[in-house]
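Bear in mind that the values in this text are calculations on the coordinates, not laboratory data. Treat the numbers as computed from the prediction; the structure is a model and nothing was measured. Neighbour counts run over all protein chains shown; Cβ positions are idealised from the backbone, glycine included.
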Amino acid sequence: MMPVGGAERPEESRKGDPLLFGSQTHEHLRAAYAVEAQTHCLLRYFASVAEIEGLQGVAELLRGFAAAHVLHAHGHLDLLRLAAEPLSGLPMGLTIRNIGCALVAERQAAVEMYPAMARTAENEGFLAVADWLKTVGHAADSLALRLNGLGGNREKVPHDL
């Protein structure tokens with residue numbers, strides 16, 4: 001019987017399922033997770049706009065749809081944890097391991113992704129977009145620093161997340 005959350009509790013030494021990792025099914029799960037996560041954010045944004053426009057009923061409906069997409073995304077993550085975390089490609093499962101995955105993803109965003117995107121936006125003349133991307137990159141760096149502090153102190157993890 002599967003525990004709550006859908007997937008078996010991974011062992012600390014688990015390296016992922018070599019049969020799933022790198023397969024077409026693995027790539028499909030990663031893509032499906034990305035779509036569900038993006039759809040959740042999009043629907044939450046639309047709900048905020050509806051609320052500003054005074055359409056409370058529409059906003060509530062859109063937030064409900066967004067919540068459904070979170071459930072779908074979590075289901076995909078339950079399956080992906082058998083192979084690897086979708087952003088970092090590292091094994092995931094227990095909290096300390098998940099913090100490591102989040103740290104790698106935040107550092108990659110702060111050091112590689114956002115600076116490259118900001119340079120492209122600057123080169124194309126989109127200075128406001130470049131400034132925004134730099135700001136988000138700095139925020140990712142700040143989050144990475146906080147995550148790094150959690151990773152070295154197992155006692156803080158349950159209380160400070």
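Pick out, in residue order, every one of the chymotrypsin sites (Phe, Trp or Tyr not before Pro) in segment 41-96 that is DSSP loop and has at most 10 other C-beta atoms within 10 Å; say none if there are none.
none
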| Calculated diffusion of segment 24-80, Stokes-Einstein form, Kirkwood radius summed over Cα pairs, 25 °C and 0.890 mPa s, µm²/s | 209 µm²/s
| Under the Debye formula (equal points on every Cα, no solvent term), log10 I(q)/I(0) of segment 67-126 at q = 0.15, 0.18, 0.24, 0.28 Å⁻¹ | -0.59, -0.73, -0.92, -1.05
| request: Pick out, in residue order, every one of the GluC sites (Glu not before Pro) in segment 19-96 that is DSSP loop and has at most 10 other C-beta atoms within 10 Å; say none if there are none. | output: E53
